[in-house]
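Student: Shown below is the structure under consideration.
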Amino acid sequence: MKVIGLIGGMSWESSVEYYRVMNEEVKRRLGGLHSARIHMVSVDFATIRSHMLVDDWQGAGEKLAEAARTLEQSGADVIVIGTNTMHMVAPQVAEAVSIPVLHIADATADAVKKTGAENVGLLGTIFTMERDFYRGRLAENGITSIVPPKADRELVDRVIFDELCKGSFLDASRQEYIRIINDLAEKGAQSVILGCTEIGLLVRPEDTAVPVLDTCRIHAIKAVDMVLEVV
């Protein structure tokens with residue numbers, strides 16, 4: 001088994017989920033007392049967020065690149081950035097190391113293709129919903145993404161940073177997310193990507209009639225595929 005290098009802490013709530021899913025998946029496949037070989041560097045999310053708020057992606061990228069180099073030096077075989085939004089700097093991180101960086105949008109696109117969907121809803125931070133680093137990656141895979149209107153995008157983003165990243169999972173926010181997911185389905189979304197690694201902690205598959213894709217789980221399982229050399 002090869003080693004997963006996880007850049008975590010963005011937020012640590014979802015990093016815990018990455019760790020759990022990776023270990024459960026390895027145990028499911030290998031049985032017995034097997035668990036995943038994981039090296040993790042957990043960054044201070046407040047520092048990363050301060051870069052995001054002033055659009056300093058270069059500065060944020062430098063911190064994640066440093067974390068990636070540390071993981072490579074520790075013996076990691078693949079880098080996993082445990083967040084959707086920070087894939088904005090995935091190219092910068094990839095340039096800093098000689099081992100592969102598993103892009104979350106590519107893993108998610110593979111999962112979408114397996115469902116046969118071509119039109120998907122996308123929830124996430126403002127950056128994920130509005131900028132091209134994510135939606136463009138989906139488009140390259142033949143997938144059209146539909147995002148909520150501006151007011152709902154702002155609501156989704158606020159809940160992520162003011163609640164979910166602080167470990168607060170409120171039923172009122174869950175109901176708002178379900179409303180938005182249903183609206184996306186009415187606009188033609190065949191499934192909805194939970195494009196923030198904390199959203200899967202708030203909205204579960206059984207909460208909605210339309211299928212939802214938990215990017216944290218998808219990303220974590222794809223990493224296990226890589227370290228167990230599944231083609």
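Student: What does the net charge come to around ILE79 if you take all other residues with beta carbon closer than 11 Å to its beta carbon, with K and R at +1 and D and E at -1?
Tutor: Numbers: positive: ARG69; negative: GLU72, ASP77.
Net charge around ILE79: -1.
Student: In deg cm²/dmol, rounded to 500, what helix-only [θ] at 222 nm does the chain give when every DSSP H run of at least 4 residues adds -39500 (n - 2.57) and the total is split over its residues? Show your work: numbers first, answer last.
Tutor: Working: 10 runs with 121 residues, N = 231.
Result for the chain: -16500 deg cm²/dmol, rounded to the nearest 500.
Student: Still on this model: List, in the order given, every pair from LYS113/LYS187; LYS187/LYS222; LYS114/LYS150; LYS63/LYS166 whose Cα-Cα distance in the structure shown is over 24 Å. Mind dumping the intermediate values first?
Tutor: Details: LYS113/LYS187 20 Å; LYS187/LYS222 29 Å; LYS114/LYS150 30 Å; LYS63/LYS166 21 Å.
As for pairs spanning more than 24 Å Cα to Cα, those are LYS187/LYS222; LYS114/LYS150.
Student: Fully extended, how many nm does the chain gain between ASN23 and GLU130 (0.36 nm per residue separation, minus their Cα-Cα distance)?
Tutor: 35.2 nm
Student: I would also like to ask the following. Tell me which residues come under 5 Å, amide H to amide H, from VAL101 once H is placed; ignore anything under 5 positions away on its chain.
Tutor: Hits under the 5 Å cutoff: ILE79.
Student: Where does each of LEU164, LEU201, LEU30 land when they are ranked from fewest to most other beta-carbon atoms within 10 angstrom? Please report the intermediate quantities before stating the final value.
Tutor: Numbers: LEU164 22, LEU201 19, LEU30 14.
With the fewest neighbours first, LEU164, LEU201, LEU30 line up as LEU30, LEU201, LEU164.
Student: Within the chain, which DSSP H helices have Cα atoms that stretch 15 Å or more along the helix axis and a mean Kyte-Doolittle hydropathy of at least -0.5?
Tutor: Values: long enough: 12-30 (27 Å, -1.14); 57-74 (25 Å, -0.79); 104-115 (17 Å, -0.03); 150-162 (18 Å, -0.43); 171-186 (22 Å, -0.70); 215-227 (18 Å, 0.74).
Membrane-span-like by this criterion, though nothing is claimed about a membrane: 104-115, 150-162, 215-227.
Student: Counting alpha carbon pairs within less than 8 Å and at least 6 residues apart, what relative contact order, in whole percent, applies to the stretch 104-215?
Tutor: Details: 165 pairs, mean separation 36.2, N = 112.
Over the stretch 104-215, the number comes to 32 percent.
Student: Another question about this same structure. Using a Förster distance of 22 Å, how high is the FRET efficiency between LEU53 and LYS150, based on the Cβ-Cβ distance and rounded to 0.05? Each step should come with its number before you reach the end.
Tutor: Details: r = 19 Å, r/R0 = 0.85.
Calculated value: 0.70.
Student: Now a separate question. For a footprinting-style exposure proxy, rank SER74, SER15 by other Cβ within 10 Å, fewest first. List each step's numbers first, then the result.
Tutor: Numbers: SER74 12, SER15 22.
Ordered from fewest to most neighbouring Cβ atoms within 10 Å, SER74, SER15 come out as SER74, SER15.
Student: What net charge do the residues around ARG49 carry, taking every other residue with its C-beta under 13 Å from that of ARG49, with Lys and Arg at +1 and Asp and Glu at -1?
Tutor: Working: positive: LYS63, LYS166; negative: ASP44, ASP55, ASP56, ASP157, ASP162.
With Lys, Arg at +1 and Asp, Glu at -1, the net is -3.
Student: If you add up the charges near ALA60, with Lys and Arg at +1 and Asp and Glu at -1, over every other residue whose beta carbon is less than 13 angstrom from its beta carbon, what do you get?
Tutor: Values: positive: ARG49, LYS63; negative: ASP44, ASP55, ASP56, GLU62, GLU66.
Computed value for this residue: -3.
Student: Sticking with this structure for a sec: Using a 7 Å offset from the Cα along the Cα-to-Cβ direction at both SER98 and ARG158, what is the distance between the two label points in nm, to one decimal?
Tutor: In this crude label model, SER98 to ARG158 measures out at 4.9 nm.
Student: Something else: Shape call for the stretch 60-129 from the C-alpha gyration tensor, a ≥ b ≥ c root eigenvalues: rounded (a/c under 1.5), prolate (a/b greater than b/c) or oblate?
Tutor: Values: a/c = 3.37, a/b = 1.75, b/c = 1.93.
Note, shape of the stretch 60-129 comes out oblate.
Student: Would you mind calculating the relative contact order of the chain from Cα pairs under 8 angstrom and at least 6 residues apart, reporting the percent as a whole number?
Tutor: Numbers: 399 pairs, mean separation 55.7, N = 231.
Contact order relative to length: 24 percent.
Student: Determine the shape class of the chain: with a ≥ b ≥ c the square roots of the Cα gyration tensor eigenvalues, call it rounded for a/c under 1.5, and otherwise prolate if a/b is greater than b/c, oblate otherwise.
Tutor: On the way: a/c = 1.57, a/b = 1.29, b/c = 1.21.
Prolate, because a/c is 1.5 or more and a/b exceeds b/c.
Student: Let a ≥ b ≥ c be the square roots of the eigenvalues of the Cα gyration tensor of the stretch 167-225; is it rounded (a/c under 1.5), or, if not, prolate (a/b larger than b/c) or oblate?
Tutor: On the way: a/c = 2.60, a/b = 1.28, b/c = 2.03.
Oblate, since a/c reaches 1.5 and b/c is not below a/b.
Student: OK, next. In the stretch 205-228, whose amide N lies under 19 Å from the spot 7 Å out along Cα-to-Cβ of GLU186? List them in ranges.
Tutor: Only 207-212 pass the distance filter.
Student: I need ASP207, ASP55 ordered by Cβ neighbour count within 10 Å, fewest first. Please list the in-between numbers first.
Tutor: Values: ASP207 13, ASP55 10.
The fewest-first ordering by Cβ neighbours comes to ASP55, ASP207.
Read-outs: derived from the displayed coordinates by stated rules, not from any lab. Just so it is clear, the structure is predicted and the values come from calculations on it, not from any experiment. Note that each Cβ is placed from the backbone with ideal geometry, even for glycine, and that neighbours are counted across all protein chains shown.
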